[in-house]
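Written out below as structure tokens is the structure these notes cover.
Where a number appears in this text, it was derived from the coordinates with a stated rule and is not lab data. None of the values given here were measured: they were computed from a predicted structure. Cβ placement follows ideal geometry from the backbone for every residue including glycine, while neighbour counts extend to all protein chains displayed.
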Amino acid sequence: MKNLFSNIKGDAFGGITAGIVALPLALAFGVSSGLGPSAGLYGAIFISFFAALFGGTSTQISGPTAPMTAVSMVIIAGIIAANDGDVNKALPVILTVFLLAGLMQIGLGALGLGKYIRYIPYPVVSGFMTAIGVIILITQILPSLGYYPKEDLEYVNQFKPQSEEIILKNILREEAGEGVLVLENFKETITRAEKITEEDILRESKTLAGKKASGVLGTIKVLPRALQNTKWLELALSIGTIIIIYGFKRITKLIPSTLVALIVMSGIAIGFGLNYRPIEEIPSGLPIPNIEIFTQFKLSSLTPYIFTALTLSLLGAIDSLLTSVVADNMTKTKHKPNKELVGQGIGNSIAAVFGGIPGAGATIRTVVNITSGGKTKLSGMIAGLLLFVILLGLGPVASKIPAAVLAGILVTVGIGVMDYKGLKAIPNLPKDVSIGPVKFSMEVVIMLTVLILSTFWNLVYAVGIGLVIASLMFMKKIGDLTAERSDVKPLKEETWADEFGFPENLKEEVFIKHIKGPLFFGSTSEFQQLAAQIPDTAKTVVIRFDRMQYMDQTGLYVLEDILLDLRKRGVDFLFVDLLPQPRYMMERIDIIPDFVPEEHIFDTFNECMKWIKENVKDRY
């Protein structure tokens, strides 16, 4: 507690500044997610406060971020669509998924898995971050133009036949659930169908229209209609916001340009009484826990989203720990990754209960905090408290912010979140893979694969596919390098320093194999040739394990097969300098002592050579 208040002045200024920067972003991310600006603000308040209080990075400012919002947006849209387009009906399931993701983050930290996040390959992270930027940019085109597909009646009416079909299917499903035999009592179906109103059909049509126009592909499909129905006032507000954000940075960076743009453009729109579209109303008063998460909990409704929640929790972990590394570099400190995950998980869990969208450590806000004087956890807690005060005092005012202004802010976020370092490196990366005459860089392929699949298909699956490809390529490269270094050669072609005194008369009878590097599934192909390359004159094989630190199950069984083949040929085996992990593996399946007794295992080659001199006879 003493350390918490050791830098009150600096933490207060850093926290207040970071909170001010967070305000417009929280509102914008909330709108972008589909749950409204209040969800973004609630997320920023609770995640910022509790992630700072319980986390492992002293200067980290947490809250909704671009990657977390992009994934949340997909999750929210999918769950709403599965609940007949009714946000209120879908909300308990959505928040339960977010709560589960937070609990999983706590689990990741408790299990000590935070240190493994750094092993995610850079091309996967690069492709994902650039895809996030592209997704945000493209999906903000429609609100920047002031076009909302659900309000375009000509477009909505195209979905009437489909909506009628869906409504009829729902009636039949209800009757089946009630045990009504439709074919025997078709009058009941007709009676229920007659109760369908034009309003019901229109509502379902709007749901279908919104779903069809969502995401990157949906935006591209309706873009021609959007351009024809552009509302020039909305576009002007959006462009004005973008110009101020980039222009004000050139004047000074002491005041957040995003906040300046928000105040100036909102002030113009409100002050001149312009006929603009405001954001959804932010509820006044204290945030209320969403008890329906618990009272309406059904495992069956959550089961399809368990993998989605895990992905969200992993993304939040990566996002937060990458920011923690940035904070470490700036403050010359060292964060505690597992504690940070627990803190982020607690923050996300509490935010979900109060209806907030999930978040993570936010790089820009963390940098602002540090440069403004923040040094302890108090700064992040102050940022959350500031947003809470703004919610209580300025909620009605914030509800008048133009939607187009937040769209403009998100456009700059999309541009900023892209990984330009990775994109610039594309022409310079070594072309290490070839298909016929065409050579290309596998790292570029991985990055572009993740980028394209994330943008046009599915963020979750794209990252998984990228990780699989990267892992396979890594294993292939390691296997190739290991095989290249671990050639199968007789003693006379390769001699280690302690082998120079080996008796010349026994070189035909003894074959020595050096294993360099791990023996795992990526490096066993060359090792399998060992039995075939041993000359018929050799009746004793010495295998040197000095430089083999690790053996996996594949390598273990390949070794067992080779020893079995050699045993049939009447060959004896001698092991030298067998390290603990490979020895443990061999003992598990009784290679030791069934194939190789303890007296045939030596700590040094000199001990082995002494045994050879005493027991191997010169036959050739």
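Below, the figures for the structure above:
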{"read-out": "Förster radius 25 Å - calculated FRET efficiency between residue 617 and residue 564, Cβ distance, rounded to 0.05", "value": "0.50"}
{"read-out": "Inter-label distance for residue 336 and residue 400, nm, one decimal - labels placed 7 Å from Cα along Cα-to-Cβ", "value": "4.7"}
{"read-out": "Spin-label pair residue 496/residue 292, simplified geometry with 7 Å Cα→Cβ offset, distance in nm", "value": "6.9"}
{"read-out": "Residue-averaged 222 nm ellipticity for the chain, from DSSP H runs of 4+ at -39500 (n - 2.57), nearest 500", "value": "-20500 deg cm²/dmol"}
{"read-out": "18 Å Cα-Cα threshold exceeded, pairs from 160/206; 507/617; 421/477; 89/211; 253/421; 115/336", "value": "421/477; 253/421"}
{"read-out": "Per-residue ³J(HN,Hα) for segment 443-451, Karplus 6.51 cos²θ - 1.76 cosθ + 1.60, θ = phi - 60°, Hz, x for Gly and Pro", "value": "5, 5, 4, 4, 4, 5, 4, 5, 4"}
{"read-out": "Relative contact order, percent, segment 491-615 [alpha-carbon distance under 8 Å, six or more residues apart]", "value": "25"}
{"read-out": "Net lengthening on full extension, residue 607/residue 195 (0.36 nm per residue, minus Cα-Cα)", "value": "138.9 nm"}
{"read-out": "Dipole magnitude of the chain about its Cα centre (Cβ charges: Lys, Arg +1; Asp, Glu -1), debye to nearest 20", "value": "2300"}
{"read-out": "The chain, relative contact order [Cα under 8 Å, separation at least 6], %", "value": "25"}
{"read-out": "Phi to ³J(HN,Hα) by Karplus 6.51 cos²θ - 1.76 cosθ + 1.60 over segment 94-103, Hz, x for Gly, Pro", "value": "4, 5, 5, 4, 5, 4, 4, 4, x, 5"}
{"read-out": "Pairwise FRET efficiency - residue 188 versus residue 227, Cβ, R0 = 41 Å, nearest 0.05", "value": "0.30"}
{"read-out": "Full-extension gain in nm, residue 281 to residue 170, via 0.36 nm per residue minus C-alpha separation", "value": "36.7 nm"}
{"read-out": "Amide N proximity, segment 287-325 versus residue 53 label position 7 Å along Cα-to-Cβ, cut-off under 18 Å", "value": "287-290"}
{"read-out": "23 Å Cα-Cα reach of residue 476 towards lysines, excluding residues that sit fewer than 8 places from it in its own chain", "value": "431, 439, 489, 513, 516"}
{"read-out": "Modelled FRET efficiency - R0 30 Å, residue 9 with residue 329, Cβ distances, 0.05 increments", "value": "0.80"}
{"read-out": "Label-point separation, residue 536 to residue 420 (7 Å along Cα→Cβ), nm", "value": "7.1"}
